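Only the coordinates and a few stated rules stand behind these numbers; no lab work does. Worth saying up front: this structure is predicted, and the values here are computed from it rather than measured. All Cβ positions, glycine included, derive from the backbone under ideal geometry; neighbour counts span all protein chains shown.
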Amino acid sequence: MSIILKTQKLRVEYRSREFRQSTKTALVGLDLEVNAGEVFGFLGPNGAGKTTTMNVLLGFIPPTSGGASLFGIDVRQPIARQRIGYLPELTYYYKFLTAEELLRFYAKIFGLTRSETDKRIAELLKLVELEHAAKRPIKSYSKGMQQRVGLAQSLINNPDLLILDEPTSGLDPLGRMKVREIIQRLKDTGKTVFFSSHELGEVETVCDRVAIVHQGELKAVGTVAEVSAGHDNLEKAFLKIVGFQTSPLP
Amino acid sequence: MKISPLLSLVALLALAFTLATGLAGSADNWSGRAKSNNLFGMLFGDGRKLFANQFFTMADVYFHSGYYPSVFDKNAEEQKEIIAASHGKKESEEEEKNEDFLGRPKNWIDAFGRNFKITQHTHLENHSEREILPWLRLAADLDPQKLETYTVGAFFLREHLNRPDQAEKFLREGLRNNPDSPEILLELGRVYHESYHDATRARNVWQLGVKKFRQQTPEQQKENKITGDGLMVNLAHLEDEAGNYGAAIQWFQAAQQISPAPAALQKQIDDIRKKMNGDIPAKPK
Amino acid sequence: MNKIAALAGVVIKELYRRKDFYVLFVLTALLTLGAGSVNFFNDDKIVRYVKDICLLLIWVSALVIAVVTTARQIPAEREARTIFPLLAKPVSRGHVIVGKFLGCWLATGVALFVFYFFFAIITGSKEQIWPWLGYLQALWMHWVMLAVVIAMVLLGSIYFAAPSSTSTITIIVVAGILLLGGHLNTIALSQPEPIQGLLSFLYFVMPHLEWYDLRDFVVYDMGMISLRALALATVYGAVWTGIFLLLAWLGFRRKSLTT
């Protein structure tokens, strides 16, 4: 099985704003591998280093030491992102563009031809149910519509690897179901999905493997069954791994 | 107690109106600018004179089609005077080179930069002089007491643009703002004499100009002696043309008191005396 | 090139969907028409002052459009966080810099073309002549100058987070160069050391944007500048644009986007 996503002793340090602390370590020597065709859940409490890992993979920040690669290409090369799609947690798109213009813009960046672009846009707008609003500016969209635009743009190039940052955050149950369906469909077509989430119930349902990070360190990695071994479910395993102790109610 | 916003608004408007009517009389005493009947005077106060000077300079810049020293050029003021003195004179190439405020290029940047600057000394002609008029108009509006604006404007309107009606109108406006100005009267007389060939009106205006000149203080007369000289000499020529040789001699003699070239005027007096004796025939009227 | 063209296209769309350009154009048009309608001494053939005023307004408006549009590009992308989905595509930071530059420059070029066309119509209707080549030359030089300014603003926007700071500083610098640039060596000579040395140094290292101001040639009907001078000035402008864009890229490529 080929490795699509890989980090090697990935370390990221920030300059700290706290008194008497010169640097803050966000990631401590992270070693991670994601195989082609699997759905991989990246879990951890807030501040664990999930977003930092994604920022490095997407080239937003450089690592302090160690490395990361996508499809065997160093993440610092723009070409490493030719076959990926990215859905950020919050919707960050040009509000003055329409959904169609936004998709056309990103398609051009990926080098799609005119006919490929037209076909792909039609498919995606149908998938995310935005055909009726395609010619309206994004600033007039509701939050849910903006997130659906986000999903569409992450799929514009028919990516082999989809990186999703909390894809169901803020979605209603119907929206969450839609996202799960899309993830499953991608998996069925042999695509790889790498996503972070706090919805452990969903992670249990869709993921082949999971990793748990805490305080910048990789605490556990394996199939859902392997990580949950000895616990009732993934949630209880997660809480134990991150060292959370339930206190009895008064 | 709940107060209706509409009622509050009405009460405030009523209060504002009451205060305005009460304070209107006193407010006039506070601000001198508000009394000004000139828009620019009201907007800029005495600062308008700076703008007036700048617009007057713009007229000169336009006359030279952009070839004009900036404040940074060496001896800028001196160069401007040299350029002004060259108006109407045919100059040799040598003289033109001496007036070149640009001088030799100081370095390659200066040399290359001259490709994008006006480097030719030219004057507007063939009715293109009209282009300077807007700036003179603005200068007059901003500083109605700047006499040069009226005299220069009238000169170009009369002499170059063949618009004596506009020249007269402009000078009369200048007179309304500066009723004691011999300079404006001198120029107005020229309009009547040279454009309208109306010797009577020209004489009246120039005589008034001499009267205004003599009413000035000795210091003012010393500063304006060229104007005084011009008025008297013009009157002398007018009387000479009319055959009133006695009056002509009197005016030349009066001009000699203040003229920088009394010897030249003496020659004129001698010529008139010869005419009186029949030695030189009088010019036909 | 497709990526750069795509980025430029988005910048152009943004400009014509914002109101800045239309407001400035209408203001320029109204002021010019107002100036042109004033009667001086009953002479309706006076035209140079209209040209002067119109060109001054065009220069001010174009500079405002160029600076304000460009100063917002990178900071607005960072603030709105649209930079993240953009850089998650196979787009380098160099592409972003060049794409933004090209978009701002082309958008400003369109605005300039409209302004100069309006200028030609208004003045041509008064003086009944249309020296198109002279106008095109002036427009080209103006556009080349704005390329340098836009690159300068992009560089500033990498280091100054607030677009207002970048805009203010750039406008002051550009106005300073336009007004004083050609005279800096003269001013330097009258100053004591070390100011003389500093001013002389500045004179030789700064971009001489005042070369690109051909308004006098247009207003005073002085014809055209030589093709050689035009070509060299264009190359000079391209070099300075390249310098500023390179510095912008060097600053941007190492910048963390998450802080």
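Directionally averaged projected area (the protein assembly as shown, Cα convex hull): 54.4 nm². From most to least packed by mean Cβ count within 10 Å, the peptides C:210-217, B:191-198, B:136-143 give B:136-143, C:210-217, B:191-198. Calculated FRET efficiency, C:Val114 to B:Asn162, Cβ-Cβ distance, R0 = 41 Å: about 0.55 to the nearest 0.05. GNM remark for chain C: springs join alpha carbons under 10 Å apart, and the peak mean-square fluctuation among C:Ala66, C:Ala188, C:Ala138 falls on C:Ala188.
Per DSSP H run of at least 4 residues, take -39500 (n - 2.57); add these up for chain A, divide by its residues and hand me the 222 nm value, nearest 500 deg cm²/dmol. Taken over chain A, the calculation gives -9500 deg cm²/dmol.
Over all orientations, segment C:162-259 has a Cα convex hull whose mean projected area works out to 9.4 square nanometres. With a simple spin-label model that places each label point 7 Å from the Cα along the Cα-to-Cβ direction, the separation between C:Val23 and A:Lys126 comes to 4.4 nm.
Compute and list, largest first, the equivalent-ellipsoid semi-axes of chain A from the alpha carbon gyration tensor, each √(5λ) rounded to a whole angstrom.
In descending order, the three semi-axes are 31, 22, 19 Å.
Entry note, chain A: relative contact order of 25 percent, from Cα contacts under 8 Å with a spacing of 6+ residues.
Relative contact order for segment C:2-254: 27 percent, from Cα pairs under 8 Å spaced at least 6 residues apart, divided by residue count. Given R0 = 60 Å, the distance between the Cβ atoms of B:Arg201 and C:Val239 translates into a calculated FRET efficiency of 0.35. Straight Cα distances below 18 angstrom link C:Lys89 to the aspartates and glutamates A:Asp74, A:Glu89, A:Glu100, A:Glu101, A:Glu116, A:Asp160, A:Asp165, C:Glu77, with same-chain residues fewer than 8 positions distant left out. Mean per-residue shielding of peptide C:223-235 is 1, counting Cβ atoms of other chains within 10 Å of each Cβ.
For peptide C:14-24, what's the mean number of Cβ atoms from other chains within 10 Å of each residue's Cβ?
1
Taking the charge dipole of segment C:2-254 about its Cα centre, with +1 at Lys and Arg Cβ atoms and -1 at Asp and Glu Cβ atoms, the residue from C:Leu189, C:Ile225, C:Phe101 reaching farthest to the positive side is C:Phe101. By the combined test of axial Cα extent (at least 20 Å) and Kyte-Doolittle hydropathy (mean at least 0.0), the qualifying DSSP H helices of chain C come to C:2-17, C:20-37, C:48-80, C:93-127, C:132-159, C:163-180, C:227-253.
If you restrict to DSSP beta bridges whose two residues both lie in the protein assembly as shown, what percentage is antiparallel, to the nearest 5?
Antiparallel bridges make up about 60 percent of those DSSP assigns within the protein assembly as shown.
Which log10 I(q)/I(0) values does segment A:112-250 give at q = 0.11, 0.21 Å⁻¹ under the Debye formula, counting every alpha carbon as one identical point scatterer? These q points yield log10 I(q)/I(0) values of -0.52, -1.31. Helices in chain C, meaning DSSP H runs of at least 4 residues, each add -39500 (n - 2.57). Divided by all residues, the mean residue ellipticity at 222 nm is -26500 deg cm²/dmol. Applying 1/(1 + (r/R0)^6) with R0 = 45 Å to the Cβ-Cβ distance of A:Asn233 and A:Lys24 gives a FRET efficiency near 0.85. Counting Cβ atoms of other protein chains within 10 Å of each Cβ in C:76-87 and taking the mean gives 5.
When only the Cβ of Lys, Arg, Asp and Glu is charged (+1, +1, -1, -1), the dipole of segment C:2-254 relative to its Cα centre reaches about 1160 debye.
Mean projection of the Cα convex hull over all viewing directions, computed for chain C: 16.4 nm². For chain C, a Gaussian network of Cα nodes joined below 10 Å ranks C:Met141, C:Met222, C:Met152 by mean-square fluctuation, and the top entry is C:Met222.
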